[in-house]
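Everything on this sheet refers to the single structure shown next.
The values are calculated or read from the model by the stated rules, or taken from the named source; none is laboratory data. Quick caveat, the model's predicted, so the values are computed rather than measured. Positions of Cβ are backbone-derived with ideal geometry, glycine not excepted, and every protein chain shown enters the neighbour counts.
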Amino acid sequence: MQSNEQLISGFYSAFQKLDAAGMNACYSNDIIFSDPAFGLLKANEVKAMWEMLCRNAKDFSLTFGNITALDHEYYTCDWTASYTFSKTGRKVVNKIKAHMRIADGKIVEHSDAFSLHRWCAMALGFPGWLFGWSGFFQNRVRKQARVSLEKYMGGRG
């Protein structure tokens, strides 16, 4: 059986290759995920999100490290994704802190923490920099992310 650190490393190594199936194999069937852009996602929504992000990735690179055990089931990891945001063609370098809970050799909870305002500024330019701090603007970003995910999931049939 692989160690929890190896599981996390395997998840991000698959992500580096845009291998959504490899990433999703690290998750339990009832995975719970959250981040500032998508909000709370469960099970198939989580797996579809990674499929969608991997499929749509342009000029993508990822680094990860500092996998830290907080106790026997909770871990953190720092990772940075660099890519071109498809809707605007703008370059994004997003620095993220992942928090994961592992049980029975699978990731059962995963949350990513990053500044949505900073992301908005990079991905959306001046409007994102100017308004990206506001709850209204951030809710619009979340709604658009959710609509994109639902559209993607509907198209998979």
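Of the set (1) touching a residue at least 60 places away in the same chain (Cβ under 8 Å); (2) surrounded by fewer than 16 Cβ atoms within 10 Å (Cβ to Cβ); (3) charged (D, E, K, R), all apply to Asp112 but (2). In segment 2-20, of all residues being free of Cβ contacts under 8 Å to residues at least 12 places away in the same chain and either in contact with a strand residue (DSSP E or B) (Cβ under 8 Å, 6 or more places away or on another chain) or of a type outside the set (Ser, Thr, Tyr) (or both), the one that is nearest to Lys106 (Cα to Cα) corresponds to Gln6. Taking every residue in segment 39-62 that is under 13 Å from Ser82 (Cα atoms) and pairing it with any residue that is of a type in the set (A, V, I, L, M, F, W, C) and outside any helix (DSSP H, G or I), at least 6 positions away or on another chain, the pairs with Cβ-Cβ distances below 6 Å are Cys54/Leu18; Ala57/Leu18; Leu62/Ala81.
Residues satisfying the criterion are absent from segment 79-99 (criterion: out of contact with any strand residue (DSSP E or B) (no Cβ under 9 Å at 6 or more places or on another chain), among the hydrophobic types (A, V, I, L, M, F, W, C), farther than 19 Å from Asn24 by Cα and loosely packed, with under 14 Cβ neighbours inside 10 Å). When segment 69-114 is filtered for residues that are hydroxyl-bearing (Ser, Thr, Tyr), within 13 Å of the chain's Cα centre (by Cα) and under 21 Å from Asn139 (Cα atoms), only Ser111 remains.
At least 2 residues being basic (Lys, Arg) and at pLDDT 95 or above is the threshold, and among the strands (runs of 3 or more DSSP E) wholly inside segment 34-126 those reaching it are 90-103. If you go through segment 129-145 one residue at a time, do you hit one that is within 18 Å of the chain's Cα centre (by Cα), hydrophobic (A, V, I, L, M, F, W, C) and within 14 Å of Met49 (Cβ to Cβ)? Yes - at least one qualifying residue is present in segment 129-145.
Under the condition of being of a type outside the set (Ser, Thr, Tyr), buried (at least 17 other Cβ atoms within 10 Å of the Cβ) and touching a residue at least 40 places away in the same chain (Cβ under 8 Å), the residues counted in segment 21-32 number 3. The condition of being surrounded by 15 or more Cβ atoms within 10 Å (Cβ to Cβ) and not small (Gly, Ala, Ser) holds for only one of Leu53, Leu40, Leu70, that being Leu53.
Among the residues of segment 127-146, those identified as without any contact (Cβ under 8 Å) to a residue 40 or more places away in the chain and either in a helix (DSSP H, G or I) or charged (D, E, K, R) (or both) are Pro127, Gly128, Trp129, Leu130, Phe131, Gly135, Phe136, Phe137, Asn139, Arg140, Lys143, Gln144.
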